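The values are calculated or read from the model by the stated rules, or taken from the named source; none is laboratory data. The shown structure was predicted, so the numbers you read here are calculated from the model rather than taken from an experiment. Neighbour counts are summed over all protein chains in view; Cβ atoms, including those assigned to glycine, are modelled from backbone coordinates with ideal geometry.
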Amino acid sequence: MFRKFGKFLLFLYELFTRRESLKVYWKRFIDECMMIGVDSLLIVCIVAFFIGAVTCVQINANLVSPLIPTYIVSNIVRDMMLLELSSTFMCVILAGKVGSNIASELGTMRITEQVEALEVMGINAASYLVLPKVLAAFVMFPVLSVLSGFIGIVGGYIAGTATGIITPEQYIYGIRFSFIPFNMVIPIIKSAVFGILIATISAYKGFYTRGGALEVGKVSTTAVTNSCIAILIADYLLAELLT
Amino acid sequence: MIEIKNISKSFNGRKVLDDISGVFRDGETSLVIGASGTGKSVLLKCMLDLVSPDTGEVFYDGREFLHKSEKERIDLRREMGVLFQGGALFASQTVFQNVKFPLDMLTKQSEAEKRDRVEFCLKRVGLEAAGSRMPSEISGGMKKRVGIARAIVLNPKYLFCDEPNSGLDPLTSIKIDELIQEITQEYGTTTVVITHDMNSVLSIGQNIKFLYQGKKIWEGDSNSILTTHLQELDEFVFSNHALKQLRG
């Protein structure tokens, strides 16, 4: 366990040694942003929309007291989306998509000797292949998180108003009621941290793949489960630190 | 010239390479042969420092390699070209981009110079028309040829080929062998080929080292390999029925 963690730290150190020129990284960074960010837009929008909608319906179903004003429904939807669902839940979903993609890509490169081909050329394969992915995850995950927060609140609005749970005016009032601006920053910080965790853990798993196609599948699964565990632990620590 | 001295390597207590020494000369195609699992590929990886040997030294034209600083090793590696078993082409790049990759990463040439060099190398391996194709769209033999083009694009002093014929039909295998030999003679490279293909042994084996259970037990050329009487070598060389009949 400690040995593996030590190897992971050495792997992280390796990312920042013997770096290539910025020009080389820039092109790879843009490509990775497309893969991690743009290619994940559809899944993020669909998931966020329905999470927001379901949250609105569920809260309404469980808050039946006449003493609680209706606008509290959208108030809770807002806070749940901003504080937890748009960052933690969304990143768990993205760990499945992005994490497995990174692990299987690097794993396949390893077993087909593409990583060795880079090393033989004197290129730091870890830095060349992984650093752009980590930076892209660091930049794109907060963007996706902000987007999912917005889409989730819109999803709640559409579900709430279409089914008569809440009027549009009450929903908007609830969203604006007792708003704390720092709550907008929390999902950005959390998703940036989760993005780094997913990218580094998945890359580490993929980079040290040994064996054949079967092992690539296995490391891909391990990368996702390990990333999810890391996200949940980090979520607790960040919740303690930020709230 | 490449010289290896007393290379040994164990994995989990199992000795894969046992005190291997030898010389690979300039302008010559040297073959390391042996049955599967005898340590041929591990020896190649030790020579490239992709696997660290437990003991031993590797000298490239008298320059010790394994115990140098990282920077010096990287500089020396840039004098090497390697053809990996499956070609090891980057799946997300076209054939042209694959061959150009070492130039992009390791040189400061202009785009025009790079294009000329890549076109020359692709022409040299007979793939001038395949530049725009992806690795997934070309055959195994073509992948090997692209791998050779990428390996020679920086004019290496040392060329390593790991099982260049694996997975290829006999005719394509012969063409790949001929290409490797032509390149060796044209550029005077020190070429090391890892193989267990007897056609290659007989056609391009100017210097042959035979490994058996991690030890080098015989060294010679393609003529002497057929006349040497050594049980382990006989079992390997004459496993082919036609060759057995040839020997009588």
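Structural remarks
- With respect to the conditions (1) loosely packed, with under 15 Cβ neighbours inside 10 Å; (2) assigned to a strand (DSSP E or B), B:Leu17 lacks only one, and its number is (1).
- Subset of the stretch B:79-91 that is more than 12 Å from the chain's Cα centre (by Cα) and more than 7 Å from chain A (Cβ to nearest Cβ) - its residue that is farthest from B:Phe59 (Cα to Cα): B:Ala91
- Among residues of the stretch B:64-78 being free of Cβ contacts under 8 Å to residues at least 24 places away in the same chain and in a helix (DSSP H, G or I), the one that is nearest to the other protein chains (Cβ to nearest Cβ) is B:Ile74.
- Of residues in the stretch A:104-114 being of a type in the set (A, V, I, L, M, F, W, C) and crowded, with 23+ Cβ neighbours inside 10 Å, the one nearest to the other protein chains (Cβ to nearest Cβ): A:Met109
- Per this entry, A:Gly99 is counted among residues that are at pLDDT 95 or above and away from chain B (no Cβ under 14 Å).
- Single condition A:Pro168 does not satisfy, out of (1) surrounded by fewer than 23 Cβ atoms within 10 Å (Cβ to Cβ); (2) out of contact with any helix residue (DSSP H, G or I) (no Cβ under 7 Å at 6 or more places or on another chain): (2)
- Cβ-Cβ contacts under 8 Å between residues 6 or more apart (or on different chains), taken from a first residue in the stretch B:48-60 that is away from chain A (no Cβ under 13 Å) to a second residue that is among the basic types (Lys, Arg) and surrounded by 15 or more Cβ atoms within 10 Å (Cβ to Cβ), are listed as B:Pro53/B:Lys9; B:Asp54/B:Lys9; B:Gly56/B:Lys5; B:Glu57/B:Lys5; B:Val58/B:Lys5; B:Phe59/B:Lys5; B:Tyr60/B:Lys157.
- Scanning the stretch A:126-137 for residues that are within 14 Å of chain B (Cβ to nearest Cβ) and either touching a strand residue (DSSP E or B) at 6+ places or on another chain (Cβ under 9 Å) or crowded, with 21+ Cβ neighbours inside 10 Å (or both) yields A:Ala126, A:Tyr128, A:Leu129, A:Pro132, A:Lys133.
- Screening A:Phe138 on (1) in a helix (DSSP H, G or I); (2) out of contact with any Gly (no Cβ under 7 Å at 6 or more places or on another chain) shows it passes everything except condition (2).
- Any hit, the stretch A:33-42, residues being β-branched (Val, Ile, Thr), modelled with pLDDT under 95 and more than 30 Å from B:Ser92 (Cα to Cα): no
- Hits in the stretch B:22-47 (condition: surrounded by fewer than 23 Cβ atoms within 10 Å (Cβ to Cβ), within 14 Å of chain A (Cβ to nearest Cβ) and of a type in the set (A, V, I, L, M)): B:Val42, B:Leu44
- Look at (1) facing another protein chain (nearest Cβ under 10 Å); (2) under 17 Å from A:Arg18 (Cβ atoms); (3) surrounded by fewer than 24 Cβ atoms within 10 Å (Cβ to Cβ) and you find that A:Ala117 fails only one, number (3).
- Among residues of the stretch A:22-53 being among the aliphatic types (A, V, I, L, M) and within 11 Å of another protein chain (Cβ to nearest Cβ), the one that is nearest to A:Gly156 (Cα to Cα) is A:Met35.
- Among the residues making up the stretch A:1-26, those that are assigned to a helix (DSSP H, G or I) and closer than 13 Å to B:Met105 by Cα are A:Leu22, A:Lys23, A:Val24, A:Tyr25.
- Of the residues making up the stretch B:148-176, those that are more than 11 Å from the chain's Cα centre (by Cα) and not aliphatic (A, V, I, L, M) are B:Arg150, B:Asn155, B:Pro156, B:Lys157, B:Ser166, B:Gly167, B:Asp169, B:Pro170, B:Thr172, B:Ser173, B:Lys175.
- Some residue of the stretch A:5-17 being at pLDDT below 90, out of contact with any His (no Cβ under 8 Å at 6 or more places or on another chain) and among the basic types (Lys, Arg): no
- Matching option when the condition is part of a helix (DSSP H, G or I), free of Cβ contacts under 8 Å to residues at least 40 places away in the same chain and surrounded by 17 or more Cβ atoms within 10 Å (Cβ to Cβ), among B:Leu202, B:Leu233: B:Leu233
- Inter-residue pairs, beta-carbon under 8 Å, first within 14 Å of chain B (Cβ to nearest Cβ) and in the stretch A:10-21, second part of a helix (DSSP H, G or I) and not hydroxyl-bearing (Ser, Thr, Tyr), 6+ apart: A:Glu14/A:Ala126; A:Arg18/B:Glu70; A:Arg18/B:Ile74; A:Arg19/A:Leu131; A:Glu20/B:Met105
- Given (1) under 23 Å from the mean Cα position of the chain (by Cα); (2) at pLDDT 95 or above, number of the condition B:Val125 does not satisfy: (2)
- Just one of the listed residues (A:Ile165, A:Ile172) is away from chain B (no Cβ under 14 Å) and assigned to a helix (DSSP H, G or I), namely A:Ile172.
- A:Pro187 without any contact (Cβ under 8 Å) to a residue 60 or more places away in the chain and either more than 30 Å from B:Glu70 (Cα to Cα) or within 14 Å of chain B (Cβ to nearest Cβ) (or both): no
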